[in-house]
Structure formats: structure tokens, C-alpha cells
Amino acid sequence: MSDDDRDRLIDQFWDFVTDGLDVHPSYVEGLQSRRPRLPEEPSTEQLEAWIELAEIVQDAEFRTALRDFFHRTFGTEKGRLMASPEMMDRFERHRLLRLEARAAQQAGVPAESPQARDIAERVAADSAELVSAMTGEHDIDKARRSIVEFDPNGRAAQWVAGSTGLKLLTRYLSLVATVNGTPKPDLDPDRAAALREWTATALRQGTG
């Protein structure tokens, strides 16, 4: 396939997936920008990832399931708000904060340290701001409790674990990352659990 052919294939995929999606145009543009850029001399891993990616974006079941996921997620007033430019900026800031927390945790910063507590408090404060932007309710104590008392069997965790659409999107993004040679989405449950416990422990220092 030529570069133009590959671009056309991805265009057709995203045009189908986002057809009729009633969200801010910038959100759709952001989705469509997530595409593979195969280098001139790709590795075997990159070629294999592109072959699988080309197969799944043409698979009717995959395309339809992902389209249904986006329409369910963003087909409500709250969903459309989540896809607004302002909320996407907020989500990106929160993602960077969590990356900072992950980097500190993986670097061996003790959860009981002042540095860890500072990061965890900022994560909690930003979580409260996110909820406030979506619901109008700003409650920093509630945000802190949701981190300290996180239930791995709770509704939020079950939704993430059981969301077929989210898994399909993650698969697509992982393959794109492999083709492009960029970091893959990290949804490893053990690493996620370790980070949650590190953040919760850090927050508990402020209540003890």
C-alpha cells in the first residue's frame, strides 16, 4: 500500500466510526488524527502491527462495535460535554498529572514522602475540578475519599474492565503506537493497582 492508500483506509474507518456522532468537531478531528505513519524502513514488528491494523479497520464487526461505543458514550448531554474542547483540555492536564505520579512511583519515591503527598494532593484537587466541571459539584474531600477508598470491584472499575468498546479502542491505539514507534497505552491492571495504592497511601499521610 502507498502512503495515500493507507491514509484513505484510515479515513474510511474513522468516517464510518464517527458518522452521526453529535460532538464538537475538534473531538472528531482528534480521533481522526490518531493514525499510523509507517516509516520507509519499518521493523518486522511495525509491519506486523500495520497488517493487523489494516485488517481490523476493515472488519465490519470491529468498526460497528467501536462506532456503537462512541455513540453510547457521547450520545448524552454529559457525553457531549466530555467531548468539548474545554473538557478535553482538562482531561489532558489530569492525564499529565497521573503520568507524573506514575513516574514518581516507578522511580521509587516513597508513598510516605512529602513529594508523593504533594503529587497525590494535586491529583485529588484536579479530580475535584473535573467532577465540578461536569456536575457543578466541587468537593475536594469526596475526591480524596474516592482515591483513598477506591473499590476495585466498584461500578467505575467494572465499567472499565468490562467495556468492549474501550478494549477495541485501546487495541487500535496500541497498534498505531507500534507502527509509529511511540509509547503504547498502559492499561496493565497490576501497574494501575500499584499506582492507585501509592497515591492512596500518600493521601492518607494528610489524614493521619
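Assorted remarks:
- Scanning the stretch 92-110 for residues that are more than 14 Å from Ala193 (Cα to Cα), of a type in the set (A, V, I, L, M, F, W, C), open to solvent by less than 50 Å² (accessible area, probe 1.4 Å) and under 17 Å from the mean Cα position of the chain (by Cα) yields one hit, Leu97.
- Elements of the type helices (runs of 4 or more DSSP H) sitting completely within the stretch 1-63 and holding at least 3 residues that are touching a Ser or Thr at 6+ places or on another chain (Cβ under 8 Å): these cover 25-32, 44-57.
- Failed item, numbered, when Thr73 is tested on (1) open to solvent by 60 Å² or more (accessible area, probe 1.4 Å); (2) within 22 Å of the chain's Cα centre (by Cα); (3) among the β-branched types (Val, Ile, Thr): (1)
The values are calculated or read from the model by the stated rules, or taken from the named source; none is laboratory data. Please read all numbers here as calculations on a predicted model, not as lab measurements. A quick note on method: Cβ atoms are made from the backbone with ideal geometry, for glycine too, and the neighbour counts reach across all protein chains shown. These area figures cover heavy atoms from the full protein model, side chains too; ligands, DNA and RNA do not enter into them. Shrake-Rupley method; radii C 1.70, N 1.55, O 1.52, S 1.80 Å.
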